[in-house]
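Have a look at the structure below before the remarks.
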Amino acid sequence: MNHPCECFPLGDSALLLCFGDRISPKINLIVHTAAKQLLELAYPEIIEMVPAYTTLTIYYDPCRIQSATPYEALKEKMLNTLKILKVDDTSAGNHVEIPVCYESDFAPDLERVAKHCRLSPEEVIDRHTSATYDVYFLGFTPGFPYLGGMDKKLTTPRLDHPRLTIPAGSVGIAGEQTGIYPLSTPGGWQLIGHTPIPLVDFSNDSPTLLKPGDRVKFTAISFKEHQEMEAQR
């Protein structure tokens, strides 16, 4: 791997691999490729891995490391493993298409976003559905995808006063990112649409629709299509 990687301890049973200091698709791809490779190697001392924008947190069991200094031993092992890391677009995850209804019933902030961006609502929708987004990581609530790759023309700040309740499935914009609320929670993102597709199902072994490293494409649907999809759930 030609990209630099630094390693830091997090308490006595976790370490942080840092691949950069800025949000970018290239660095995030490296993060997910590293996670995928380490998962395939199935090191018994590794309990869990958590990818983020530029980092990969590795939780481990010190008792499974035959060393007086478990962190230093695992650090050396991780950095040596990552030296042979090969990164390309095939390292990315699944491509997922998500239908979104941008009708006013589901888009209370669409007009505000359009005004801020000096676009018409139709242009906002067109730009939002034209991009392919990278799932940088999941956070905030189970299954909430932080999506990179949004048209910078759509950059809009969060609401000054967050809503106490946002319906599950709401699609929003905050800064240079877009995301989807998988559960009904408070939130301050600008809401521009809604998807009838559930993002979480806790009855499944893999409860989230999206995974870090996946790629997402939004498609616009009508109010009628939205209602029909919801009725089929």
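The values are calculated or read from the model by the stated rules, or taken from the named source; none is laboratory data. Please read these numbers as outputs of a predicted model, since none were measured by experiment. Reconstructed Cβ throughout: ideal geometry from the backbone, glycine too, with neighbour counts over all protein chains shown. Only protein heavy atoms, including side chains, enter the accessible area calculation; ligands, DNA and RNA are left aside. Shrake-Rupley method; radii C 1.70, N 1.55, O 1.52, S 1.80 Å.
To the nearest 20 Debye, how big is the dipole of the chain about its Cα centre, given +1 on the beta carbon of each Lys and Arg and -1 on that of each Asp and Glu?
Values: 21 positive and 29 negative charges, 94 e Å.
So the magnitude is around 460 debye.
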Original post:
Is the shape of the range 1-48 best called rounded, prolate or oblate, per the rule: a/c under 1.5 gives rounded, else a/b larger than b/c gives prolate, else oblate, with a ≥ b ≥ c the square roots of the Cα gyration tensor eigenvalues?
Top reply: oblate
Subject >> Cross-link table LYS26/LYS75; LYS36/LYS153; LYS75/LYS152; LYS115/LYS211; LYS75/LYS217; LYS83/LYS153, entries beyond 27 Å C-alpha to C-alpha >> reply: LYS36/LYS153; LYS75/LYS152; LYS115/LYS211; LYS75/LYS217; LYS83/LYS153
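Which order, highest average first, do 99-108, 44-53 follow once you tally other Cβ atoms within 10 Å for each residue and take the mean per peptide? Before the final figure, lay out the partial values.
On the way: 99-108: 18.7, 44-53: 16.0.
Result, highest mean Cβ count within 10 Å first: 99-108, 44-53.
Quick one: Kirkwood hydrodynamic radius for the range 1-151, alpha-carbon pairs, angstrom, one decimal? Intermediate results must be reported in sequence, preceding the final value.
Numbers: mean 1/r = 0.0562 Å⁻¹.
Result for the range 1-151 stands at 17.8 Å.
Rounded, prolate or oblate, given the Cα gyration tensor of the range 144-233, with a/c below 1.5 counting as rounded?
Working: a/c = 1.42, a/b = 1.34, b/c = 1.06.
In terms of gyration-tensor shape, rounded.
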Subject >> Charge context of PRO44, other residues only, Cβ under 9 angstrom, K/R +1, D/E -1 >> reply: -1
**OP:** Mind jotting down the distance between the C-alpha centroids of the range 188-229 and the range 9-70, whole Å?
**Re:** 28 Å
Original post:
In 5 Å bins starting at 0, how do the alpha-carbon pair distances of the range 92-154 split up by percent?
Top reply: 4, 16, 22, 23, 22, 11, 4
Subject >> Cα centre as origin, Lys/Arg/Asp/Glu Cβ charges: the range 1-71 dipole, Debye >> reply: 260 debye
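Can you tell me, using C-alpha contacts under 8 Å and at least 6 residues apart, the relative contact order of the range 149-233 as a whole percent? Mind showing how you got there, number by number?
Numbers: 126 pairs, mean separation 19.6, N = 85.
RCO, the range 149-233: 23 percent.
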**OP:** Leaving ligands, DNA and RNA out of it, report the carbon-plus-sulfur percent of the accessible area of the chain at a 1.4 Å probe.
**Re:** 53 percent
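Under unit Cβ charges (Lys, Arg +1; Asp, Glu -1), what dipole magnitude, rounded to 20 debye, does the range 117-233 have relative to its Cα centre? Don't jump to the answer; show the numbers that get you there.
Working: 11 positive and 13 negative charges, 48 e Å.
Here the size comes out at about 240 debye.
For the range 91-233, what's the relative contact order in percent, using C-alpha pairs closer than 8 Å and at least 6 residues apart?
Details: 326 pairs, mean separation 50.0, N = 143.
Worked out over the range 91-233, it gives 35 percent.
Output the peptides 77-84, 112-119, 176-183 sorted from most to least packed, where packing is the average of other Cβ atoms within 10 Å over each peptide's residues. List each step's numbers first, then the result.
Values: 77-84: 14.0, 112-119: 16.0, 176-183: 22.0.
Highest to lowest by the protection proxy: 176-183, 112-119, 77-84.
For a test of the definition: using alpha carbon positions, the gyration tensor, and the 1.5 limit on a/c, classify the range 129-172 as rounded, prolate or oblate. Let's see the in-between values first.
Working: a/c = 2.00, a/b = 1.24, b/c = 1.62.
Note, shape of the range 129-172 comes out oblate.
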